[in-house]
Amino acid sequence: MLDFRGYGAVQSGVVLCILQPRGDVAFVRIDGDVYLDNQEEFDAFLEDQVSPVYAKIVLDASKVKVMCSAALGAIVKAHKRAKQARGEVVFVHVNRKVLSLLEITRLTHLLKVMSTDEEAFEYLNQLDTR
């Protein structure tokens with residue numbers, strides 16, 4: 001896992017999102033659950049802080065136990081923006097409960113779920129965003 005200490009942290013309601021760039025790949029650790037009461041801030045973080053700069057995005061969900069459907073919508077919007085820029089959004093470190101939610105909503109057909117940061121980084125580096 002990447003060490004997120006010392007990188008820009010953005011407090012979004014009760015969700016702390018930490019952005020760590022690695023080349024042209026943005027690693028975003030979602031450091032808490034995303035509910036209706038904080039999903040707007042989460043969406044704004046992805047839209048304002050991540051998507052304008054990065055088309056290749058890794059969402060680290062290791063600290064997420066629960067995610068509401070609105071948060072999934074924010075992630076799908078970020079993925080669409082990334083695809084328009086010839087990039088992609090992928091997940092890493094997803095627990096069983098969140099993975100089950102992604103499977104039930106069939107988002108695993110849209111968003112890749114990878115086991116490690118390195119696997120995600122290598123996959124995204126193969127994408128040509130030029």
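Coordinate-derived values only; no laboratory data. None of these values were measured; they are calculated from a predicted model. Neighbour counts are summed over all protein chains in view; Cβ atoms, including those assigned to glycine, are modelled from backbone coordinates with ideal geometry.
Annotations
- Condition met for Leu72 (crowded, with 20+ Cβ neighbours inside 10 Å and assigned to a helix (DSSP H, G or I)): no
- Number of positions in region 81-128 that are surrounded by 13 or more Cβ atoms within 10 Å (Cβ to Cβ), within 15 Å of the chain's Cα centre (by Cα) and part of a loop (DSSP other than H, G, I, E, B): 6
- Going through (1) within 17 Å of Arg29 (Cα to Cα); (2) without any contact (Cβ under 8 Å) to a residue 24 or more places away in the chain; (3) of a type in the set (Asp, Glu) one by one, Glu103 falls short only on (1).
- Hey, Lys112 out of contact with any Asp or Glu (no Cβ under 6 Å at 6 or more places or on another chain) and either closer than 15 Å to Pro21 by Cα or of a type in the set (Lys, Arg) (or both) or not: yes
- Qualifying residue in region 43-57 (condition: out of contact with any His (no Cβ under 9 Å at 6 or more places or on another chain), in a strand (DSSP E or B), touching a residue at least 12 places away in the same chain (Cβ under 8 Å) and within 19 Å of Gly23 (Cβ to Cβ)): yes
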